[in-house]
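Let me begin by presenting the structure, written as structure tokens, before commenting on it.
We did not get these values from a lab; they are worked out from the coordinates using the rules stated. These figures come from a predicted structure and were not determined experimentally. As a convention, Cβ positions derive from the backbone with ideal geometry for all residues, glycine included, and neighbour counts pool all protein chains shown.
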Number of protein chains: 2
Amino acid sequence: MNPIGFYFDPISPYGYLASTRIDDVAQRHGRSVEWRPLLLGVTVERVMGLKPVPQTPLKGPYSKKDKHRLARLFGVPLVENDVKELSSLNALRAFVCIEQSQPQLAPVFAKAICARLWARGQDISSAADVLEEAARLAIDVDALAPMMNSPAAKDMLRQKVDDAVALGVFGVPSFLVDGELLWGVDRLWMLEHWLAKGNWNPKA
Amino acid sequence: MNPIGFYFDPISPYGYLASTRIDDVAQRHGRSVEWRPLLLGVTVERVMGLKPVPQTPLKGPYSKKDKHRLARLFGVPLVENDVKELSSLNALRAFVCIEQSQPQLAPVFAKAICARLWARGQDISSAADVLEEAARLAIDVDALAPMMNSPAAKDMLRQKVDDAVALGVFGVPSFLVDGELLWGVDRLWMLEHWLAKGNWNPKA
């Protein structure tokens, strides 16, 4: 059966929330998960020409409150952070390198870096932040440190984000399974419906 | 028990989809529904500074396909329309007038005007379109016609949209109940959770 493409960006609290659920959802339906990086700075700002959600009037304040409700419903921790210039660029460059060198650890790292920011409120922006998190996970940070700043890493990430955009992916989390693209943590119920039934017919 | 504030704009297919469900959801939980008009042209474009969804890269094409999946899941008709300059201004001015003159028919009209556009693909933009729909519902169109173009009708609608924005409402559909604001047809499950439990604790 096809894997579930799971598009994440650690910058998104909704992506973090979905990251705590996606493995369980997939496993219950006998699917694997392919973690795929997305840069919301590219899709939302450059491709779509919108503002980041936190800086969008009305939607920013809504989201600030809403993410805590969802975390309660999900039964997972979620804290505010006071990071001033949040960036996921280093984290996602590290992710694509780990995919190459220690692929089995890539999803583990992805979940850990999301949780670092949203469950513990720690910064993920600098290379030092990213390497500190990687070091907790038996990732070879001496190899990772030079690799994540290489032109090759930058190219790999850029290519993956371009590929996502070419498939129509724009938000986080997004789920792509059997050609069906679903956007939003609030669509997990639709993902479950598709995985159970393979169509959009109403439940009997 | 507090009513459910249901924010709609007939211009939104997601609002139409929610309009086919909200009464049933409310009834099952012993709540009433207050239909409240919103103008997405005001909130999305003027207040939030965003583009309308159909004109937003990636999100436009996603939504064009997505609404049909949801309609299938909901078991309701949904068709594309070829209306060039779609506007809900006349429809919502009529709505606030009907609220004054025949309040019991206001939600009936709201549902009918949403269905006119999304279930049947007919235009709702002109006063003639709106009055044609109203005439099917035993609404006094001879009284409505002059009233919906009055300064009083324009002021009433403007005030209601301003009130919504002051409460933080920005999208359609939105549900406001017991101080909890939920945005999106894909949040009906959260609305049901709140109505059943009155908190955001996970299901036992």
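Can you pick out the pairs among A:Lys111/B:Lys51; B:Lys59/B:Lys84; B:Lys59/B:Lys154 whose Cα atoms lie more than 23 Å from each other?
The answer is A:Lys111/B:Lys51; B:Lys59/B:Lys154.
So for the pair A:Leu86, A:Trp189, with labels modelled 7 Å out along Cα→Cβ, what separation do we get in nm?
That separation, rounded to one decimal, is 2.6 nm.
Provide the percentage of antiparallel DSSP beta bridges, counting only those with both residues in chain A; round to the nearest 5.
In chain A, DSSP labels about 60 percent of beta bridges as antiparallel.
Within chain A, which complete DSSP H helices have Cα atoms spanning at least 27 Å along the helix axis and a mean Kyte-Doolittle hydropathy of -1.0 or higher?
Within chain A not a single helix satisfies the rule.
For chain B, what's the relative contact order in percent, using C-alpha pairs closer than 8 Å and at least 6 residues apart?
Relative contact order for chain B comes out at 28 percent.
Please give, to one decimal in nm, the separation of the simple spin-label points placed at A:Met1 and A:Ser150, each 7 Å out from Cα toward the Cβ.
With each label point 7 Å from Cα toward Cβ, the separation is 3.7 nm.
Just how far, in whole angstrom, is region B:171-192 from region A:140-189 if you go by their alpha carbon centroids?
First find each Cα centre; the distance between them is then 30 Å.
Counting only DSSP beta bridges with both residues in the protein assembly as shown, tell me the antiparallel percent, nearest 5.
Among the beta bridges of the protein assembly as shown, antiparallel pairing accounts for roughly 60 percent.
Ignoring everything except DSSP H segments at least 4 long, calculate the 222 nm mean residue ellipticity for the protein assembly as shown; use -39,500 (n - 2.57) per segment, divide by total residues, nearest 500.
Computed mean residue ellipticity for the protein assembly as shown: -14500 deg cm²/dmol.
Please work out the FRET efficiency for the pair A:Val79 and B:Trp200, using the Cβ-Cβ distance as r and a Förster radius of 25 Å; give the result to the nearest 0.05.
Rounded to the nearest 0.05, the efficiency is 0.95.
Counting only other chains, and only Cβ atoms inside 10 Å, what mean value do you get across the residues of A:56-65?
If you average over the peptide's residues, the count of other-chain Cβ atoms is 5.
Rg to Rh for region A:108-204: what is it, with Cα atoms only and Rh by Kirkwood?
Over the Cα atoms of region A:108-204, Rg/Rh equals 1.08.
Could you calculate the FRET efficiency of A:Asp163 with A:Gln55 from 1/(1 + (r/R0)^6), where r is the beta carbon distance between them and R0 is 30 Å, rounded to 0.05?
Efficiency at R0 = 30 Å is approximately 0.65.
Between A:Ala143 and A:Arg120, what is 0.36 nm times their sequence separation minus the Cα-Cα distance? Round to one decimal in nm.
Result: 5.6 nm gained on full extension.
Under 17 Å Cα to Cα from A:Lys67, which aspartates and glutamates show up? Leave out anything in the same chain fewer than 8 places away.
Excluding near neighbours in sequence, the set is A:Asp9, A:Glu80, A:Asp82, A:Asp186, B:Glu180, B:Asp186.
Distances from B:Pro61 to the same position in the other copies: list them in nm, one decimal, shortest first, using label points 7 Å from Cα along Cα→Cβ.
Output for B:Pro61: 3.6 nm, nearest copy listed first.
When the dipole is taken about the Cα centre of region A:1-150, and only Lys, Arg (+1) and Asp, Glu (-1) are charged at their Cβ, what size is it in debye, to the nearest 20?
With only Lys, Arg, Asp and Glu charged at Cβ, the dipole is about 720 debye.
Can you pull the three principal axis extents for the Cα set of chain B, in Å, largest first?
The Cα atoms of chain B stretch 55, 40, 33 Å along the principal axes, largest first.
For the rotation that superimposes chain A on chain B, which residue of A has the C-beta lying nearest to the axis, and at what distance in Å?
With distances in whole Å, chain A gives A:Asp186, 2.
Starting from the exponent 0.38 and prefactor 2.2 Å, build the expected Rg for the protein assembly as shown from its residue count and divide its actual Cα Rg by it.
Taking the Cα Rg and dividing by 2.2 N^0.38 Å, one obtains 1.07.
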